[in-house]
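Note sheet for the following structure.
The values are calculated or read from the model by the stated rules, or taken from the named source; none is laboratory data. It should be emphasised that the depicted structure is a prediction, and the values quoted were computed from it without experimental measurement. When we count neighbours, we look across all protein chains shown, and the Cβ atoms used for this are built from the backbone with ideal geometry, even at glycine. Calculation scope for accessible area: heavy atoms of the full protein, side chains included, ligands and nucleic acids excluded. Shrake-Rupley method; radii C 1.70, N 1.55, O 1.52, S 1.80 Å.
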Amino acid sequence: MVRLQKLVIFTSFEGEGEKIIEINNHPQDLSLIESTNYFTSSLARGEKFWLSCNDMCFRLLLPGSYAETVEEMAACREVIVSRGVHQQMGSRESLELLFENDCATSWALHLTQDSIDVMPDIRYRDRRGEPYKWSFRIYTANGLIKTLPARYRKVKRLPCGRKWSDR
């Protein structure tokens, strides 16, 4: 499990690094983001999502144009995070974020490792019958919007789209 006070992500071109994302976590609760430069970064300007994982918490940073999506996400009951190889994204290890709302039509967001600071360790996956281990926080430029319970699992292939109860 990753438990960092500060996380800085660099890009590297021929040995020269450029800082793209910096996240400072709250000193008493490392799952909370205290500050970040994401919302003024080229990633946010390029409308790219960013997922940060720390202290058993998935933290989704949303670019500005997804304001209407926040309401849908906040109305969900839980988030199911599935890790697997995504056939339609170049057979790369990816994460599927399934926003479960107890309706027939839940929706999902798929992220490759390019949009994730630390891929969560599969040893910390949830198992049937156990209480929630993970939480999921949604952030916009206005700060923390919502905290939801989350489940984490390993699947063979993405997209998965299965609810936790469908396992």
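Condition check ((1) in contact with a strand residue (DSSP E or B) (Cβ under 6 Å, 6 or more places away or on another chain); (2) farther than 29 Å from Ser65 by Cα; (3) not basic (Lys, Arg)) across all residues:
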residue	(1), (2), (3)
Arg125	yes, yes, no
Pro131	no, yes, yes
Arg137	yes, no, no
Gly143	no, no, yes
Lys146	yes, no, no
Arg151	yes, no, no
Would you say Gly84 is outside any loop (DSSP other than H, G, I, E, B) and over 13 Å from the mean Cα position of the chain (by Cα)? yes
Taking the stretch 88-105 and keeping only residues that are over 18 Å from Ser135 (Cα atoms) and surrounded by 17 or more Cβ atoms within 10 Å (Cβ to Cβ), one is left with Ser94
Examine the stretch 142-154 for a residue that is within 21 Å of Asn25 (Cα to Cα), assigned to a strand (DSSP E or B), in contact (Cβ under 8 Å) with a residue 12 or more places away in the chain and touching a Pro at 6+ places or on another chain (Cβ under 8 Å), and state whether such a residue exists. no
Within the stretch 118-167, which residues are open to solvent by 70 Å² or more (accessible area, probe 1.4 Å), over 26 Å from Ser35 (Cβ atoms) and in contact with a Gly (Cβ under 8 Å, 6 or more places away or on another chain)? Lys154, Lys156, Arg157
Which residue out of Ser41, Ser82 is of a type in the set (Gly, Ala, Ser), farther than 18 Å from Met119 by Cα and in contact with a strand residue (DSSP E or B) (Cβ under 8 Å, 6 or more places away or on another chain)? Ser41
All positions within the stretch 32-49 that are assigned to a helix (DSSP H, G or I) and either at pLDDT below 90 or not small (Gly, Ala, Ser) (or both): Tyr38, Phe39, Thr40, Ser42, Leu43, Arg45
Quick check on the stretch 106-117. Is at least one of its residues farther than 24 Å from Ile33 by Cβ, part of a loop (DSSP other than H, G, I, E, B) and open to solvent by 20 Å² or more (accessible area, probe 1.4 Å)? yes
